[in-house]
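Student: My questions all concern the structure below.
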Amino acid sequence: DMANSEGKELLKRWLEDANRGLQDAQWSKLMDHFKGCPLPLYLKLAFERIRALHSYDEVPALGSDLPDAIGALFDHLRQDAKHGRKLVSCALGYLYAARYGLTEDELLDLLSRGGQKDEIQAEVRERSEHWPKVAELPFVLWSRLYFDLEHYLTERSSGVGSLLGFYHQM
């Protein structure tokens, strides 16, 4: 466990590095959440969720413990970030199931040709009436999701290229 003062100092440094700040009410709510789960990984998840807040925004639901925080992140990606339930679930599921990680091409191939491809495509078309039915998942959809996930993923070199995997084993 991390002391509240250490957590606040670390968060302050991360925010400074990102050229961000918080209002007093946002600090208070965030530190109340951290008191309930004083783990560095929880703090990192919280930081990634709050780093884009405006001064007038409420601190989002962060969860009361680490599993809740991860669940809140997944819910945010599925709903608030508008990536869709199927795309997020499948992409994260494939990454989790891969023993050593996946290349981006492998992941895109799985998302385009895997058992859930029709459901992913239907969900994308439901959110955008102008989205054409295409054989493969467009790279732009993965790119948007990757941008929101990049702080939780790591890349490592292998004989087949860079492999994506989770930064922390979940």
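Student: Could you state the principal axis extents of the C-alpha atoms in the stretch 1-61, from the largest down, to the nearest angstrom?
Tutor: 30, 23, 18
Student: Is the shape of the stretch 41-170 best called rounded, prolate or oblate, per the rule: a/c under 1.5 gives rounded, else a/b larger than b/c gives prolate, else oblate, with a ≥ b ≥ c the square roots of the Cα gyration tensor eigenvalues? Display every interim value, and only then the final one.
Tutor: Values: a/c = 2.05, a/b = 1.22, b/c = 1.68.
Verdict is oblate for the stretch 41-170.
Student: Ignoring ligands, DNA and RNA, how do 65, 80 rank by accessible area with a 1.4 Å probe, largest first? Write down the numbers at each step before the final one.
Tutor: Numbers: 65 60, 80 95 Å².
From most accessible down to least: 80, 65.
Student: For residue 31, what accessible surface area do you get with a 1.4 Å probe? Give it in Å², rounded to 10.
Tutor: For residue 31, the solvent-accessible surface is approximately 10 Å².
Student: Work out the FRET efficiency for residue 14 and residue 109 from their Cβ-Cβ distance, taking R0 = 30 Å, and round it to the nearest 0.05.
Tutor: Working: r = 35 Å, r/R0 = 1.17.
The computed FRET efficiency comes out at 0.30.
Student: Roll a 1.4 Å probe over the protein heavy atoms and report the accessible area of residue 28 in Å², nearest 10.
Tutor: 60
Student: If we count trypsin sites (Lys or Arg not before Pro) as exposed when they sit in a DSSP loop and have at most 13 other beta carbons within 10 Å, what is the longest stretch of the chain that avoids them all?
Tutor: Values: sites that count: 20, 82, 99, 133.
Formally, the longest exposed-site-free interval is 21-81.
Student: Ok, one more. Helix 24-36 versus the longest principal axis of the chain: what is the Cα-based angle in degrees, 0 to 90, to the nearest 10?
Tutor: In the chain, helix 24-36 runs at an angle near 80 degrees to the longest axis.
Student: Which value in deg cm²/dmol, rounded to the nearest 500, describes the helix-derived mean residue ellipticity at 222 nm for the chain, given -39,500 (n - 2.57) per DSSP H run of n ≥ 4 and division by the residue count? Don't skip to the answer; put the middle values down first.
Tutor: Numbers: 8 runs with 93 residues, N = 170.
About -17000 deg cm²/dmol.
Student: Under 17 Å from a point placed 7 Å out from the Cα of residue 100 along the Cα-to-Cβ direction: which residues of the stretch 145-162 have their backbone N that close?
Tutor: 154-162
Student: With charges only on Cβ, +1 for K and R and -1 for D and E, what is the dipole size of the chain about its Cα centre, in debye, rounded to 20?
Tutor: Details: 21 positive and 27 negative charges, 22 e Å.
Here the chain has a charge dipole of around 100 debye.
Student: Something else about it: Output the relative contact order of the stretch 1-149, whole-number percent, from Cα pairs under 8 angstrom with separation of 6+ residues.
Tutor: Numbers: 116 pairs, mean separation 24.5, N = 149.
Normalised by residue count, the contact order of the stretch 1-149 is 16 percent.
Student: List the residues, sorted by chain then number, that are 5 or more residues from residue 137 or on another chain and whose placed amide H is less than 5 Å from its amide H.
Tutor: Placed amide hydrogens put 112 under 5 Å from residue 137.
Student: Restricting to lysines 8 or more places apart or on different chains, can you count the pairs in the chain with Cα atoms under 25 Å from each other?
Tutor: Taking the chain as the scope, the lysine pair count is 14.
The values are calculated or read from the model by the stated rules, or taken from the named source; none is laboratory data. The model shown is predicted, which means the values in this text are computed figures rather than measured ones. Glycine gets a Cβ as well: all are built from the backbone with ideal geometry, and neighbour counts include every protein chain shown. Protein only, heavy atoms only, side chains kept; ligands, DNA and RNA dropped before computing areas. Shrake-Rupley method; radii C 1.70, N 1.55, O 1.52, S 1.80 Å.
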